[in-house]
Amino acid sequence: MKNIRMIIPALMLFFLCGVAGCYTILKHPPATKAGHEYSQEYYRENCLDCHPDYHEYPYGYYYGYYPDYYFSSPRWGRYYVYPWWWDHYWYDGDDDYIEYEVGDAHDKTPRSRSRMVPPYIGGSSSSFHGGGGSPSGTQKPSGGGAGTAGEKKSETGGKTKVTVTKKSDSGKSDPSTQEKKKEEEKGKKGSVTKKRRR
Amino acid sequence: MNRINALLVTGLVLLGTSTFCHAGTIDSLILNHEVSAANFFGTNARSMAMGQTGIATSLDGSAMIYNPACLAKVRRLEVRGGVSHLRLENTTKYDGGRYPEYGLTSVASTGRRDVTKTHLDGLSVVVPAPTYRGSLVFGFGVHRLKNFDRTFKMNLRDQAGEYDFIEEQQTETESGGIYAWSGAGAIEISPQMAVGAGINVYTGKAEYSAKYMFAEQYENEVQDTVYYELDETTGIELDHIGISGSVGFTYQASPNLTIGAVIETPSFWNIDEESLVQTAEIYDTSSSSWYWEEQWPEDYASVEYKLRHPFSFGLGAGFSHEQLNLALDLKYTDWSQMEYTDEFSQDLNAVIQEHYKEVVEVRFGAEYVLPDPGISLRVGYFLDPLPFPSAYIESDRKYFTFGVGFLIDQVMTIDIAAVIGGYTINYKNVEEYDPPPYTEEYKTRRIYLTMAYRM
């Protein structure tokens, strides 16, 4: 028993040190606008409304280094990379489920499992780097497997970043945020500028 | 050779070829080392096909064993299970001519025996927690980490003429293994770094049985033919229970390079040993119409002792470029720091400190992925040194590995691995009544099959 008393506390202390003040975020900090509080589901589905740079470091996903074939042959990416909480059934029955257009603009195809596009890519006009990045990365934007308009693909040493441009705003975001965006876009020249975080 | 000398040789030969070293001579301790030491069988077909690597390159629940920090790479709920199959061939060769002073020549000096076993390799469940950023993953499972399956056969006969001979035969069978019941967790602490920790509870059993026969026949001073036979059956059962922990981290240094490190804490074992020895002797002479047979009382013994394995330190690197993945692992353990911690076994610790050694396991593997058909081709090699002096080792444990993996649809993988190799140990006659010099050669072939389903 003395041995257990030595090992377990040491391991727990090590683990807690890793968790405390950690990079990993399990729960979105509460954010209120005009006195309105939002649910965790809202934060998950509409993060681009407040974080247009969510696709960049250090947020979002695919910012790690993944081989090109994870995106060009999406079943590899679906198996090894695509988080289970992004799957269709996570939003099943949710009226706020976002659908996005793929291919023909008149078609609305439910998100299929073969895609590597995160679920919060639904309607805003921002772009998403699906292939990851790093604070000092020199990767060029690249893509594979998303299939939406504005997709660019490039490779760096076999590692892929996917750029996906949303076609339209699905209108599922908070009205106050929508208004704020319209105000911001008035001052823009109609294109999104990609910035590299230093 | 008179009867007293025959019995003395018998006893020393039996001890010298016994697998369980707790109550043996120094040479027995060295040659037939503590069965739970340096006996990692390996788990998970993908890791085994890639040379038993995994410190930086594990991608599934087997990370609980190789490096818990690698669990952070798992993004989907995973259920994984597998089986392993072992075929072991033992060939023992003795240097002939043990009794030239009696005019006997060797007519048989080789023993050969095979054993095959199939076991559950492991079962595990991995549960990633939903995150907004980073990764938090937990894993639980059971894996077969140590294998005690072994067989041995000795067959010696020295003969002069038609009637004078000395014959010895011994057949040993060992079975069992150690399962690790593991729980582990991993978390990303930066975009490129993850840490993990795990705890393992070990349970298992080792069963040993041996049958030894010594027989001699000679003509005595009055030209009477004398026949003597000794038969001994030994059964030993050891119940193991132990505990250890591990901590590890991974760091993605560049798009192509991942580095991992793991520290395994000392493991603490409690071992219950029960043994039973049954002996019978037969003595017969040609001039008498009677023969003498004695059945010795059964010798039953039960002992409990404690054992501590030392720290192990592992360092791994994974390099990937497009569809090619390479892995290299190094693992260091100083087995001279292994010790029995009960008060009755302290004399053995001095032997361990003097004769056991530090070892560095070297593991290398490669994987090439064919994305469209969903196939991965794997090869590897690993060196798993024995923990006792090299003077006894003619050929150390080295294995070649190869295997294939299939990604089925986007939810299941099936991996198959084959491991081929073995080792040879050499015992040299040191003392007058030591067993004759002999070479034990072990060839093993292992097959692993692992299936994983991700929801």
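Throughout, read-outs are computed from the coordinates displayed, never taken from laboratory work. Please read all numbers here as calculations on a predicted model, not as lab measurements. Note that we place each Cβ from the backbone using ideal geometry, even for glycine, and neighbour counts take in every protein chain shown.
The condition (being out of contact with any Phe, Trp or Tyr (no Cβ under 6 Å at 6 or more places or on another chain) and hydrophobic (A, V, I, L, M, F, W, C)) is satisfied by just one residue among B:LEU276, B:LEU330: B:LEU330. Against the definition (away from chain A (no Cβ under 14 Å) and of a type in the set (A, V, I, L, M, F, W, C)), how does B:LEU407 come out, yes or no? No. For the stretch B:249-277, the set of residues classified as under 21 Å from B:TRP335 (Cβ atoms) and not aromatic (Phe, Trp, Tyr) consists of B:ALA261, B:VAL262, B:ILE263, B:GLU264, B:THR265, B:PRO266, B:SER267, B:ASN270, B:ILE271, B:GLU273, listed by residue number. Taking the criterion of being closer than 30 Å to A:HIS51 by Cα and β-branched (Val, Ile, Thr), the residues of the stretch B:121-137 that qualify are B:VAL127, B:THR131, B:VAL137. Residue-level check: of (1) buried (at least 20 other Cβ atoms within 10 Å of the Cβ); (2) away from chain A (no Cβ under 14 Å); (3) closer than 26 Å to B:PRO266 by Cα; (4) touching an Asp or Glu at 6+ places or on another chain (Cβ under 7 Å), B:LEU230 misses just (3). When B:TYR448, B:TYR423 are checked against the criterion of being over 22 Å from B:ILE55 (Cα atoms), touching a strand residue (DSSP E or B) at 6+ places or on another chain (Cβ under 8 Å) and more than 14 Å from every other protein chain (Cβ to nearest Cβ), B:TYR423 stands alone in meeting it. Tell me yes or no: at least one residue of the stretch B:389-401 is closer than 30 Å to A:TYR69 by Cβ and surrounded by 15 or more Cβ atoms within 10 Å (Cβ to Cβ). Among the residues of the stretch B:389-401, at least one is closer than 30 Å to A:TYR69 by Cβ and surrounded by 15 or more Cβ atoms within 10 Å (Cβ to Cβ), which makes the answer yes.
For the stretch B:82-99, does any single residue satisfy the condition of being among the acidic types (Asp, Glu) and more than 30 Å from A:ASP87 (Cα to Cα)? Yes; the residues of the stretch B:82-99 include at least one that is among the acidic types (Asp, Glu) and more than 30 Å from A:ASP87 (Cα to Cα).
Selection within the stretch B:124-175: residues that are in contact with a helix residue (DSSP H, G or I) (Cβ under 9 Å, 6 or more places away or on another chain), within 14 Å of another protein chain (Cβ to nearest Cβ) and in contact (Cβ under 8 Å) with a residue 40 or more places away in the chain. The member of this set that is farthest from B:THR450 (Cα to Cα) is B:GLY134.
With respect to the stated conditions, B:THR333 fails to be within 14 Å of chain A (Cβ to nearest Cβ) and at negative phi. Among the residues making up the stretch B:99-116, those that are over 21 Å from B:GLY422 (Cα atoms) and either in contact (Cβ under 8 Å) with a residue 12 or more places away in the chain or in contact with a Pro (Cβ under 8 Å, 6 or more places away or on another chain) (or both) are B:TYR99, B:TYR102, B:GLY103, B:LEU104, B:THR105, B:SER106, B:VAL107, B:ALA108, B:SER109.
Within this structure, B:TYR305 passes the test of being within 24 Å of B:VAL35 (Cβ to Cβ) and either among the aromatic types (Phe, Trp, Tyr) or surrounded by 15 or more Cβ atoms within 10 Å (Cβ to Cβ) (or both).
Taking the listed residues B:VAL411, B:VAL404, B:VAL359, B:VAL379, the one that is more than 30 Å from A:TYR66 (Cβ to Cβ) and either surrounded by 15 or more Cβ atoms within 10 Å (Cβ to Cβ) or of a type outside the set (Lys, Arg) (or both) is B:VAL359, with no other qualifying.
For the stretch B:293-307, the criterion of a residue being without any contact (Cβ under 8 Å) to a residue 60 or more places away in the chain and within 14 Å of another protein chain (Cβ to nearest Cβ) is satisfied by at least one position.
Across the stretch B:250-290, the qualifying residues are those that are more than 9 Å from chain A (Cβ to nearest Cβ), in a strand (DSSP E or B) and among the aromatic types (Phe, Trp, Tyr), and the one among them that is nearest to B:SER36 (Cα to Cα) is B:TRP269.
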